[in-house]
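> Got a structure here, written out as C-alpha cells. Questions coming.
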Amino acid sequence: MTSDRTGEAGRLPKRAIALRLGAIAATLCATTAAFAYAGGWLSPGALTPARIVDTFERINGRHDGFRRNHAKGVCVSGVFQSSGAAAPLSKASVFRAGETPVTGRFALAGGRPYAADATATVRSLALRFQLPGGEEWRTGMNDIPVFPVSTPAAFQEQLIASAPDPATGKPDPARMAAFFAAHPESAKAVALIKARVVMSGFADDTFNSLNAFRFRNDDGAVSSVRWAVVPIPTGTVGEPAPADDKNGLFEALIKRVNADGAPARWRLVVTVGAPEDPTNDATLPWPAGRRTVDAGTLVIDHVEGEAEGRCRDVNFDPLILPAGIEPSDDPLLSARSAAYARSFTRREGEPKAASAVATLTGGTR
Amino acid sequence: MTRPVVFTLASRILHWTMAALIIAMLFIGVAMVASLSNYHRLVSIHQPIGIAILALAAIRLINRLFNPPPPLPADMPRLQKLAAKASHVALYGLMFALPLVGWAMLSAGDYPIDLFGSWALPRLLSPDPMLHAWLRRVHGVLAYGLFAAFLLHLAAALLHGLILRDGVFGSMATLSFRRRVPQNSRS
C-alpha cells in the first residue's frame, strides 16, 4: 500500500462508499462476535467457574467473606524439612535438602463456615511453601483415598444431586442413585471413600493430593506422581467427637499444638506412577506397591484462627507450582484453579465475619 | 521538498507486534475467565504476555519521543483530529494500565507473579483482600474499555483506508522502508 493524501473521497461513487461502509461494519461485527464467542456469551449453557461457585452458594447459602467450599478452617504454620530424597525426581528447590517455611490451613469440606464438626466430614490440609526467589508451591489435599468425580461436569452434577432436599434436609436418594448410575466411576470411588478408616483428628490424618502431577528433574526427565502427607507416628483410629462440641476437631488440634507444645509431624510421601497408571482420573487409585519417596518432614508448630493466621486471604490454588512441578492431564486441576480463583475474588471483596474457630480471643463460636 | 508520510520502520514493527499481542490478550483474557478446562493454560500465557506488553509499551513511548508520528492531513476537521488524539491517549494509557493493574491485583491477592520457569516478579503491593477484589474488577472494566478502544481504532483505520483514502491508513500499514517520500512522487 502506498501513501495517498490526495483526498479522493469525492471520486468514489456513492454505491462504492456504501459498500465499503458495509464492509467496515461487517468487520466490526465479526470481531465483536468472535470476542463474545471467546467469552462464552454465545454458549449460555456451558459450565463456567462462576456457575460452579454459584451452585455452592445456592446449596449452602452465601456466607460473606468465607470460602465457598471448605469454609470452616484454621491457619497453621511450620516448616518443611526436605530430606533431599525427591531432588532426583524434581528440580524444585523445595526438594533440595534443607528447610522451607510453610503456612497452611486445616478445614472441613462443605460450604458452611459454622457447621458443627462431624467425624465423617472430609478433612483437608492446604499448604503453601514459600521458596526462594518469589516462587511458591501451593497444594490442597484431602483425607480421602480418591476423589469422588473425574471431570468438572461430573463435579457439578454431583453437587446438585447431593444438595439437601428442602423437605427432608437430606440428599434425595433417587437423585443420588441416578447420578451414580450415570457415573459408575463415582460409585466405585465413593465406595472406597466410605470404606476409609476415619482417624481421631487432623493431627493423625493422612492427606492426599488426589490429582496426579508431573515432576521434572534437572535433566528434564518427567515422572507422574501423586503425593500425601502421612502422620508421624502413624495416626490413631478415631472416635466420634462429643455431640455437644461443635468445634471439637479444631480445638483438639489447637490444644495439642499450641497449649501442649507438641508440634504435629507428617512425612511428605511422593508416589511415582508407572506408565500405565491413570493421571487423568482422580477417581482411580494407583495400584499398591508403587515406588514411594520420602521427601521430608512437615512440621506444624503453630495453629491460629483464620483472620489472625492470614490464611483466609490466600488462594490455595493447586496449580500454583514452582519450576519442577507441573500439572498432569487431569481435567480437574485446571477446573479447581478456575473455580478457586472465582471463589477467592468474590470473598475477598466481601465484608469479613468472625470465623467459627479463633485463637486470639481464645474463643470459639 | 520532503515530508514524513509514513511511520518509521521501528514504529511500525512496534505497532504491529503490539497489535497482535494485545488482540491475543483480549481474547485470552475474556476466554479464560469463562473456561474451566483451559483456564490454567490461558492464565499461564496471560501473565508473561501482559508483562511483555508493559515492556513494549515503555519502549514504544520512548520510540515515539524520538520518532514522532507523521502529521495528520492538514485538511482534517479539528474535531476529527481531537478524536484521533484522544483515542491514542486512551490506547497508550490502557497499554500501561492493564498490565500494571493486573500485576498489582495479583500482588494484593498474595499470588506469586510467575513468568517463565523459576522467574517470578516482585510484588507491587502488600496483600490486601478488598484491594485485590477492587483491582480485579478494574482490570475487567479496563479490558472491555481496551476492546472498545481497539474497535474504534480499527473502524477509524478502515475508514481512512477505504473511504477517506487520505494516506493515514497507509502511514502505518505499509511495507515501505522509506521514511520520507518526495512530495512530487505522490499521485
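The values are calculated or read from the model by the stated rules, or taken from the named source; none is laboratory data. What you are looking at is a predicted structure, and each value in this text was computed from that prediction instead of being measured. Every residue, glycine among them, receives a Cβ derived from its backbone with ideal geometry; neighbour counts consider all protein chains shown. SASA here: full protein model, heavy atoms, side chains in, ligands and nucleic acids out. Shrake-Rupley method; radii C 1.70, N 1.55, O 1.52, S 1.80 Å.
> May I ask you to work out the translational diffusion coefficient for the protein assembly as shown at 10 °C, viscosity 1.306 mPa s, via Stokes-Einstein with Rh from the Kirkwood sum over Cα pairs, reported in whole µm²/s? Mind showing how you got there, number by number?
Working: Rh = 26.5 Å.
It diffuses with D of about 60 µm²/s by this estimate.
> Hey, another quick one. Using helices alone, what [θ] at 222 nm do you get for chain A, with -39,500 (n - 2.57) per DSSP H run of 4 or more residues, divided over all residues and rounded to the nearest 500?
Using -39500 (n - 2.57) per qualifying helix, the result is -8500 deg cm²/dmol.
> Something else about it: About its Cα centre, what dipole magnitude does the range B:9-182 give when the only charges are +1 on Lys and Arg Cβ and -1 on Asp and Glu Cβ, stated in debye to the nearest 20? Walk me through the numbers on the way to the answer.
On the way: 14 positive and 5 negative charges, 126 e Å.
Around 600 debye, computed over the range B:9-182.
> With +1 on each Lys and Arg Cβ and -1 on each Asp and Glu Cβ, and nothing else charged, work out how big the dipole of chain A is about its Cα centre, in Debye to the nearest 20.
1060
> Find the relative contact order for the range B:9-182 and round it to a whole percent, using C-alpha pairs within less than 8 Å whose residues are 6+ positions apart.
20
> On to the next question. Please list the non-local residues whose amide H lies under 5 Å from the amide H of A:PHE207, H modeled 1.01 Å from N, same-chain partners needing a gap of 5 or more.
Distant-sequence amide H within range of A:PHE207: A:VAL229.
> Right, another one. Pull out a ≥ b ≥ c, the square roots of the eigenvalues of the alpha-carbon gyration tensor of the range A:282-365, then state rounded if a/c is under 1.5, prolate if not and a/b is larger than b/c, and oblate in the remaining case.
oblate
> Going through the DSSP H helices of chain B, which span 15 Å or more along their own axis at the Cα atoms while scoring at least 1.6 as a mean Kyte-Doolittle hydropathy?
Result, helices passing both filters: B:9-32.
> Moving on to the next point. Let me check against my output: what whole-number percent is the relative contact order of chain A, with C-alpha pairs under 8 Å and at least 6 apart?
That works out to 22 percent.
> Rounded to the nearest 10 Å², what accessible area does B:ILE13 show when all protein chains are kept and the probe is 1.4 Å?
Result for B:ILE13: roughly 100 Å² accessible.
> With springs only between Cα atoms under 10 Å apart, run a GNM on chain B and tell me which of B:ALA108, B:ALA143, B:ALA86 wobbles the most.
Its mean-square fluctuation being the largest, the pick is B:ALA86.
> Hey, rough spin-label estimate for A:ASP294 and B:SER126, points 7 angstrom out along Cα→Cβ, what's it come to in nanometres?
A separation of 4.1 nm, rounded to one decimal place.
> Still on this model: log₁₀ I(q)/I(0) of chain B at q = 0.10, 0.17 Å⁻¹, via Debye over equal Cα point scatterers, no solvent, to two decimals?
At q = 0.10, 0.17 Å⁻¹ the computed log10 ratios are -0.49, -1.13.
> Please find the FRET efficiency linking A:LYS255 to A:ALA30, where r is the Cβ-Cβ separation and R0 is fixed at 51 Å, and quote it to the nearest 0.05.
Calculated transfer efficiency: 0.20.
> Also, quick follow-up: Which shape class, rounded, prolate or oblate, goes with the range B:111-157 when its Cα gyration tensor gives a ≥ b ≥ c as root eigenvalues, a/c under 1.5 marks rounded, and past that a/b bigger than b/c marks prolate?
oblate
> Run the reach check for B:LYS81 against lysines, Cα to Cα strictly under 20 Å, same-chain hits fewer than 8 apart removed. What comes back?
none
> Given R₀ = 25 Å, FRET efficiency for B:LEU82-B:TRP134 by Cβ-Cβ distance, to 0.05?
0.20
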